[in-house]
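Asker: Quick one: this structure, given as C-alpha cells, is what I'll be asking you about.
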Amino acid sequence: MYRVRDDYRRSQAAIAALFCCLGFQYATWVSRIPALKTRLDLSEAQLGLLLMVCGAGAAISFPLVAVLTKRLGSRRLALLSALGLGVVLLALSVTPNYPVTLLIVCCDGIAVGCLNVAMNAQAAALEVKYRRTTMAKMHATFSAGSLFAALLASGVTSLSSALPSHFVTATALLALLVLGASGGLLTDDAPSAEPAVPVAEKKSRGLTLPTRVTIWMGLAMAFGTVTEGAMNDWSALYLKDVAGAAAHLAPLGIAVVSVMMVLARLFADGWRTKWGDDRIVRVGSALAGAGLTLALLVGGVVPALIGFACVGLGIAAVTPCVYVAAARQGSDALALVAAMGTTGLLAGPAVIGFIADGTGLAWGMGAVAASALLVSLCATRIRFPALAEA
C-alpha cells in the first residue's frame, strides 16, 4: 500500500516538474522582451511578429509531435523537449540579430508544442494507472512556474541587466528540474481508448483524419484558450477604458483571473472526483460566460472584477479535463487538441482586438463571454472518461 502511494507521489512530483519547466521557461524569456527589443533595436511590428512566430511554431508542431510521441514515447519526448527549452534560452542570450532570433523563437514554439503534449500524456497516464485525479494540480504547477520565473527575473535584473547571466541561471534551474523529473516519469503511456463516438476514421491518401469527437474536443480547447488568453490581454484595458477604473486598479483584472485560476486548479481534482469532468466543464464554462455577460451588462469596476473572478473560477478546469479526454483517444488526438489550444491562445486575443476596434471593447469582451459559453456547448458532444474507466 505504502509502496503504491510512494510510486504515485514520485511520479506526480516528476510530472509536475515538467509543467513547472514549461511555465518557468516561457515566462523567463517573455519577461525579458523589453531587453531583447532594446538589444536588437526592434520596432513594435517586429516585436509582434516575434511573438507570433513563437505561437506559430507551437501550432505547426502538430504533425511532428504526433510522430515523435509514437516513436519516442511521452517520457523521452518530454525530457528531450524540456532540455531543448534550456538550449533556446542559451541561444536567446547570445542571439546576434533579428532573423536568427526569429528562428530561435520558432524552435522554442516547436519545443513548447512537444513538451505540452508529452507532459499532458504523462499526467493522463498517471490518472489511468493509479485511478486518481491530478491533471488540474499539474496545470496549477505550470502557473507556479511562471510566477517563480517572474520573481527570478525581478531579482536577477536588480543585480544585472545582462541577458546571459539571467538566462544561464534559468537554464541551470531548468536542468535541475529535468534531472529531478527523469527518475519518476512513467515509462509507458496508458493505452488509448476507443473513440467515445463510434465514427470510423477516414483516410485520404494515407492521412488519418480526426474523429468527430476529437474535433469537438479541439473546439472546446480552442474556445477555452481564447477565453484565457483574451482575459489576460484585455481585462486591464477594459477596467481602465470602459469600467472607468483608476490606473492603479487596472492590473487587478489580470490578478483576479490568475488567482482564481490557480486556486480553482488546486481544488479542481477533488471536484472532478466528486462531480465528474463533464459536469465540471459544462457548468464551469457556463459560469464563466454567464458571470462575464452579467458583469458587462451591469457595468462598473466591482461587477467587472466579480465577472472576471467567475471566468477564472469557471474556465480553470476546462483545459485539464479536455486534455485527459484527448489523451484517452490516443497520441494523434492529443497532439491535434493541443495544437488547436495553442492556436486559440495565439489567435484569440487578436480576434477580440479586431472586434473591439470595430464595435468597442465592451462588445469585444462580450465575444469572450460567448467563447466561454461555446465551450459548454462543445462539452455536450464529448464523452469525458470517468475515473473508474481509467
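Asker: Can you tell me which residues in the range 44-59 are open to solvent by 50 Å² or more (accessible area, probe 1.4 Å) and either farther than 20 Å from Ala222 by Cα or modelled with pLDDT of 85 or more (or both)? Walk me through how you get there before you give the answer.
Answerer: Of all residues in the range 44-59, those open to solvent by 50 Å² or more (accessible area, probe 1.4 Å) come to 44-46, 49, 51-52.
Answer for the range 44-59, where residues must be open to solvent by 50 Å² or more (accessible area, probe 1.4 Å) and either farther than 20 Å from Ala222 by Cα or modelled with pLDDT of 85 or more (or both): Glu44, Ala45, Gln46, Leu49.
Asker: Also, I was wondering about something else. Closer than 23 Å to Gly276 by Cβ and surrounded by fewer than 24 Cβ atoms within 10 Å (Cβ to Cβ): does that describe Pro385?
Answerer: Working: closer than 23 Å to Gly276 by Cβ: yes; surrounded by fewer than 24 Cβ atoms within 10 Å (Cβ to Cβ): yes.
Criteria met by Pro385.
Asker: Give me a count of the residues in the range 322-337 that are part of a helix (DSSP H, G or I) and either surrounded by fewer than 24 Cβ atoms within 10 Å (Cβ to Cβ) or modelled with pLDDT under 90 (or both).
Answerer: Start the filter on the range 322-337 by keeping residues that are part of a helix (DSSP H, G or I), which leaves 322-327, 331-337.
Pick out the ones that are also either surrounded by fewer than 24 Cβ atoms within 10 Å (Cβ to Cβ) or modelled with pLDDT under 90 (or both) and you get 327, 331-336.
Residues in the range 322-337 being part of a helix (DSSP H, G or I) and either surrounded by fewer than 24 Cβ atoms within 10 Å (Cβ to Cβ) or modelled with pLDDT under 90 (or both): 7 in total.
Conditions tested, residue by residue: (1) in contact with a strand residue (DSSP E or B) (Cβ under 7 Å, 6 or more places away or on another chain); (2) small (Gly, Ala, Ser); (3) open to solvent by less than 10 Å² (accessible area, probe 1.4 Å); (4) at pLDDT below 95.
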{"site": "Thr95", "(1), (2), (3), (4)": "no, no, yes, yes"}
{"site": "Tyr98", "(1), (2), (3), (4)": "no, no, no, yes"}
{"site": "Cys106", "(1), (2), (3), (4)": "no, no, no, yes"}
{"site": "Ala111", "(1), (2), (3), (4)": "no, yes, no, yes"}
{"site": "Val117", "(1), (2), (3), (4)": "no, no, yes, yes"}
{"site": "Asn120", "(1), (2), (3), (4)": "no, no, yes, yes"}
{"site": "Ala125", "(1), (2), (3), (4)": "no, yes, yes, yes"}
{"site": "Val128", "(1), (2), (3), (4)": "no, no, no, yes"}
{"site": "Arg131", "(1), (2), (3), (4)": "no, no, no, yes"}
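Asker: Sticking with this structure for a sec: For the range 340-363: of the residues being open to solvent by less than 10 Å² (accessible area, probe 1.4 Å) and not β-branched (Val, Ile, Thr), which is modelled with the lowest pLDDT? Talk me through it step by step, then tell me what you get.
Answerer: Filtering the range 340-363 down to residues open to solvent by less than 10 Å² (accessible area, probe 1.4 Å) leaves 341, 344, 348, 352.
Narrowing the set further to residues that are not β-branched (Val, Ile, Thr) leaves 341, 344, 348.
Numbers: Gly341: 87, Gly344: 83, Gly348: 77.
Out of the qualifying residues, it is Gly348.
Asker: Something else: Output the helices (runs of 4 or more DSSP H) that fall wholly within the range 213-321 and possess 3 or more residues being within 21 Å of Ala144 (Cα to Cα), or say none.
Answerer: Qualifying helices (runs of 4 or more DSSP H): 252-275, 301-315.
Asker: Every residue in the range 285-300 that is under 18 Å from the mean Cα position of the chain (by Cα) and among the hydrophobic types (A, V, I, L, M, F, W, C), please.
Answerer: As a first pass, look at the range 285-300 and keep what is under 18 Å from the mean Cα position of the chain (by Cα): 285, 288.
Once the filter is applied, which keeps residues that are under 18 Å from the mean Cα position of the chain (by Cα) and among the hydrophobic types (A, V, I, L, M, F, W, C), the range 285-300 yields only Ala288.
Conditions tested, residue by residue: (1) in contact (Cβ under 8 Å) with a residue 40 or more places away in the chain; (2) part of a loop (DSSP other than H, G, I, E, B); (3) of a type in the set (S, T, N, Q).
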{"residue": "Ala91", "(1), (2), (3)": "no, no, no"}
{"residue": "Thr101", "(1), (2), (3)": "yes, no, yes"}
{"residue": "Gly109", "(1), (2), (3)": "yes, no, no"}
{"residue": "Gln122", "(1), (2), (3)": "yes, no, yes"}
{"residue": "Glu127", "(1), (2), (3)": "yes, no, no"}
{"residue": "Thr133", "(1), (2), (3)": "yes, yes, yes"}
{"residue": "Phe148", "(1), (2), (3)": "yes, no, no"}
{"residue": "Gly155", "(1), (2), (3)": "no, no, no"}
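Asker: If we keep just the residues of the range 6-34 that are small (Gly, Ala, Ser) and open to solvent by 30 Å² or more (accessible area, probe 1.4 Å), which is modelled with the highest pLDDT?
Answerer: If we filter the range 6-34 for residues that are small (Gly, Ala, Ser), which is where we start, we get 11, 13-14, 16-17, 23, 27, 31.
Now narrow it down to the ones that are open to solvent by 30 Å² or more (accessible area, probe 1.4 Å): 13, 31.
On the way: Ala13: 95, Ser31: 79.
Within the range 6-34, the match that is modelled with the highest pLDDT is Ala13.
Asker: Within the range 264-284, how many residues turn out to be under 16 Å from the mean Cα position of the chain (by Cα) and surrounded by fewer than 18 Cβ atoms within 10 Å (Cβ to Cβ)?
Answerer: Selection size over the range 264-284: 1.
The values are calculated or read from the model by the stated rules, or taken from the named source; none is laboratory data. Keep in mind that this is a model prediction, so the values were computed, not measured. Counting neighbours? That spans all protein chains shown, and the Cβs are built from the backbone with ideal geometry, glycine included. Each accessible area value is taken on the protein alone, full model and side chains, heavy atoms only, with ligands, DNA and RNA left out. Shrake-Rupley method; radii C 1.70, N 1.55, O 1.52, S 1.80 Å.
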